[in-house]
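First comes the structure, then the notes that go with it.
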Amino acid sequence: MKLKKIIEFINEKIPQSLALSYDKVGFKGDYDLNQDIKSVKIYMDLLPRYDADCENTLIITHHSPLFVPKTPTYVIHSNWDIMDGGANDALAETLKLEVVGYFDDSTKIGRVCRSNQTFAVLKRNILDNFTHVRIVNKLGDDEFIENVGIVSGFGLKNPYYTELARDKNLDILISGDLTQECAILAKNLGVTLIDLNHHESEVPGLHALGDVLSELDVDIEIIDEKPIEELK
């Protein structure tokens, strides 16, 4: 399948126009659009060692690489986070939450979800699906959870999002990248934060992206390599 046809398909399904104005989406370099592509490899983050022996391959990465790859490489980032059916909706599905609106109405980043379950049930589902979980302002297991905010990726390093969770009267905000600043802010505001870590909170979206691209007449492979290892 020609690279040009694949990109046309991607832009139809996941328009670049949805991306935030400052975001770097699309091709990472200049590539021959007439070359034949037999496989698509999907990464969260592309490292130089992956950019080798990739003949007839298109690399799709969620985060923009820190170098210019030789292999055709295409970035799908905030446009996938924002769009309906994208990364945030995939996270909501994994958490078994019903999406009822956008978290940040100005950008359509994140989702507000209905929970209608106790904290014990929500906690069990989180721990069944995510391995590195931290919490600020832990709730009692019998407390009833109605409204949950989710932001795949970076939401817990943004103080504005912690304040927004308070302003929207959410019971919990779930995301990644928890910082000391936001933890202390949440303590002061009485907001419960659950940190799934950045990478893990975006993995459901990576698999959902693979499902979208499976319509293409090429092999699809998702490479989920965690960038941070535990010291043992």
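The values are calculated or read from the model by the stated rules, or taken from the named source; none is laboratory data. This one's a predicted model, so the numbers in the text were calculated from it and none came from an experiment. Quick reminder, even Gly has a Cβ in these numbers, built from the backbone with ideal geometry, and neighbours come from all protein chains shown.
Checked against (1) in a strand (DSSP E or B); (2) under 20 Å from the mean Cα position of the chain (by Cα); (3) over 24 Å from A19 (Cα atoms), D128 passes all but condition (1).
Considering only residues in segment 20-66 that are basic (K, R) and crowded, with 19+ Cβ neighbours inside 10 Å, the one that is farthest from M1 (Cα to Cα) turns out to be K28. Restricting K24, K108, K96 to those that are among the charged types (D, E, K, R) and over 16 Å from F154 (Cβ atoms) reduces the list to K96. For segment 212-232, the criterion of being surrounded by fewer than 14 Cβ atoms within 10 Å (Cβ to Cβ), free of Cβ contacts under 8 Å to residues at least 24 places away in the same chain and not in a loop (DSSP other than H, G, I, E, B) is met by no residue. Pick from segment 100-125 the residues that are among the aliphatic types (A, V, I, L, M) and surrounded by 16 or more Cβ atoms within 10 Å (Cβ to Cβ): which of them is nearest to W80 (Cα to Cα)? Checked segment 100-125; the qualifying residue nearest to W80 (Cα to Cα) is I109.
In this structure, does D195 turn out to be crowded, with 21+ Cβ neighbours inside 10 Å and in the same structural domain as L127 (by TED's automatic domain parsing)? In short, yes. Report whether or not I59 is within 22 Å of the chain's Cα centre (by Cα) and in a helix (DSSP H, G or I). For I59, the condition - within 22 Å of the chain's Cα centre (by Cα) and in a helix (DSSP H, G or I) - is not met. When we screen A120, A165 for residues that are part of a helix (DSSP H, G or I), over 21 Å from the mean Cα position of the chain (by Cα) and not β-branched (V, I, T), the only hit is A120.
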